[in-house]
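Comments concern the structure below.
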Amino acid sequence: MRKLVSFLFVFTLVFSMMAVTNANEASGSGSVPQPEYLPYAEVGVLSEGLAWYMEAGEETDSFGFIDTSGKIVIKARFEAAGIFHDGLAPVRIDGLWGYVDKTGQFAVPPIYTGVGRVFEEGFAQVVKDDKWGYVDKTGKEVIAFDYEDTNPFNNGLAPVKKNEKYGYINKEGKEVVPFRYEAASVFSEGRAMVKIKDKWGVIDQNGIEIEKPKFEEAFPYSRGLAAVKHEGKWGYIDLSGREVIRAHYDEARPFQEGDLAPVQIDGKWGYVNKEDTMIIQPQFIDVYTVFSEGLALVSIENEDENEMLGYIDQTGKAVVPYSYDLLGSSFSGGLATVADGGQGSFYFMPNPLNVQTQEPQTQSALPSASKVMINGREVSPEAYNIGGNNFFKLRDLAMLLNGSDKGFEVGWDQDAKVIRLITSKAYTEVGGELAATGQHSVKQAAPATAKLLVNSEEARFTAYTLDGNNYFKLRDLAQALDFNVSWDAASNALTIDTKSGYQPE
């Protein structure tokens, strides 16, 4: 297999946290739009509508950013660049790293010898004096430079390394899971993979062991299952650690869009579903990208034993024909960054399926483990933690605050298709408030689209839909309704005080 050298950086997001170890004749079916080559030496993955580009120089190369049309939006003046995420991208200038916004202005000054890949949950990893710490999006150093290694935050926790051992800290920099592991993954779906004595096990967000260390290798959870290697073979376990697909594959990767997972048998890759049914028969030499917007980049071997790459759909059909010269990224926003053997090499390929978002961009919703106190009284709503923030049902919160200084009414305007909140008005029960569903477990939450008015004024809230119910970010509601929310890490307690006004974090 030929080595992929300069274009490898394009794939830094393709198998995030995964263990992943060119082409004029065409094969297969499908059609490729006529390329509109980009006049740049190299081009990166599109993210948030922008991609880095490289201008080759006689002595050094320089990087900037282009939009989906190929137009330069930030001129090439950096020594290196990453992708945009959460509105910021890492760049290097004069040997030091910082983060720029989409105008090219530095949000985090270039004063660090190293940085993490992207911002996650408002924080990014940076290196100073050979130690890792964290900054926020304003450039403020929010967690001290005490660590030998750091990772992104997920659901409010991050694995970090101190004194040669890994543990987990929260966003206040406090230890929440002790430093005792040889290696540790980020949390995904309320679970993390941790390594002890060269074996991987599973813990929850409280550090409680879900599955003892016994796996030779493991991937983070995805879509409720995790790929693990046990006694030389790969299978899948569920969130309880129970084996649901027996370990009988030579290789395996996480489940992805379409609830399909790549697995390898006798040197060939295929795709299985969660029932371990082979949906796409093993036939591929390698799998280069996850399924995204209906397509994945894979490779086959032709009669001359040469590798050819193409994009397949979720039935295994080659929608973009196999070619010696093709190399590309996952599709995002209807486009993929592609390099081939053409005159300009790089171009943005439109998705031939004409699909921009096959599935909602979901996030894992974890049952909130925090104790909830309202005006000194403990309550037990079915709340969820999404991205490190607490989310409540509107009617549950209205019921809990009813009779207090910050009580509010909830109504649905069928004609306008909006939710109306009226402050300083008694709440009218509709039934089902604070009811325990008995299914308070890790779920996938999709962004909610409901419009919401507070006293006839439109308000913007972060909200997600779980099992047909809308859950709203507690701090957004606190700000709109002017009550105070605080969290005590030591007691893991979330406190709502309706007698005090809202105070930003």
Inspect the range 444-455 for any residue being crowded, with 16+ Cβ neighbours inside 10 Å, among the small types (G, A, S), outside the structural domain of N206 (by TED's automatic domain parsing) and at pLDDT 90 or above and give the result as yes or no. no
Given the criteria under 24 Å from S364 (Cβ atoms) and crowded, with 16+ Cβ neighbours inside 10 Å, does D476 qualify? yes
When you go through (1) outside any strand (DSSP E or B); (2) closer than 30 Å to S69 by Cβ one by one for K425, which number turns out not to apply? (2)
Go through (1) assigned to a loop (DSSP other than H, G, I, E, B); (2) touching an Asp or Glu at 6+ places or on another chain (Cβ under 9 Å) for I300 and report which single condition fails. (1)
Restricting attention to the range 317-338, does a residue exist that is assigned to a strand (DSSP E or B), β-branched (V, I, T) and within 26 Å of V430 (Cα to Cα)? no
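Kindly indicate whether I111 is under 25 Å from S332 (Cα atoms), among the β-branched types (V, I, T) and out of contact with any Phe, Trp or Tyr (no Cβ under 6 Å at 6 or more places or on another chain). Give the derivation first.
Numbers: under 25 Å from S332 (Cα atoms): no; among the β-branched types (V, I, T): yes; out of contact with any Phe, Trp or Tyr (no Cβ under 6 Å at 6 or more places or on another chain): yes.
No.
Give me the residue from the range 424-443 that is more than 19 Å from L466 (Cα to Cα) and surrounded by 14 or more Cβ atoms within 10 Å (Cβ to Cβ) and, out of that set, nearest to the chain's Cα centre (by Cα). Don't jump to the end; show me each part of the working.
Residues of the range 424-443 that are more than 19 Å from L466 (Cα to Cα), as a first pass: 424-430.
Adding the requirement that they be surrounded by 14 or more Cβ atoms within 10 Å (Cβ to Cβ) leaves 425, 427.
Working: K425: 39, Y427: 37 Å.
So the residue we want is Y427.
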Name the one entry in A107, A158 that is within 22 Å of L46 (Cβ to Cβ), of a type outside the set (D, E) and assigned to a strand (DSSP E or B). A107
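Looking only at strands (runs of 3 or more DSSP E) that fall completely inside the range 188-266, which ones have 1 or more residues that are surrounded by 21 or more Cβ atoms within 10 Å (Cβ to Cβ) and at pLDDT below 95? Reasoning before the result, please.
Numbers: elements: 191-196, 199-204, 209-215, 226-230, 233-237, 243-249, 261-265.
Because the criterion is at least 1 residues that are surrounded by 21 or more Cβ atoms within 10 Å (Cβ to Cβ) and at pLDDT below 95, the strands (runs of 3 or more DSSP E) in the range 188-266 that meet it are 191-196.
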Looking at the range 56-72, I want the residues that are on the phi < 0 side of the Ramachandran plot and have a partner that is surrounded by 10 or more Cβ atoms within 10 Å (Cβ to Cβ) and of a type in the set (S, T, N, Q) with Cβ atoms under 9 Å, at least 6 apart or on another chain. Which pairs are those? A56/S62
Tell me, yes or no, whether the range 402-413 has at least one residue that is modelled with pLDDT under 90, in a loop (DSSP other than H, G, I, E, B) and of a type in the set (G, A, S). no
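Does A183 count as surrounded by fewer than 17 Cβ atoms within 10 Å (Cβ to Cβ), assigned by TED's automatic domain parsing to the domain that holds G49 and of a type in the set (A, V, I, L, M, F, W, C)?
Yes, satisfied.
The values are calculated or read from the model by the stated rules, or taken from the named source; none is laboratory data. Quantities reported herein were computed from a predicted structural model and do not represent experimental measurements. In this analysis, Cβ positions are derived from the backbone assuming ideal geometry, glycine residues included, and neighbour counts consider all displayed protein chains.
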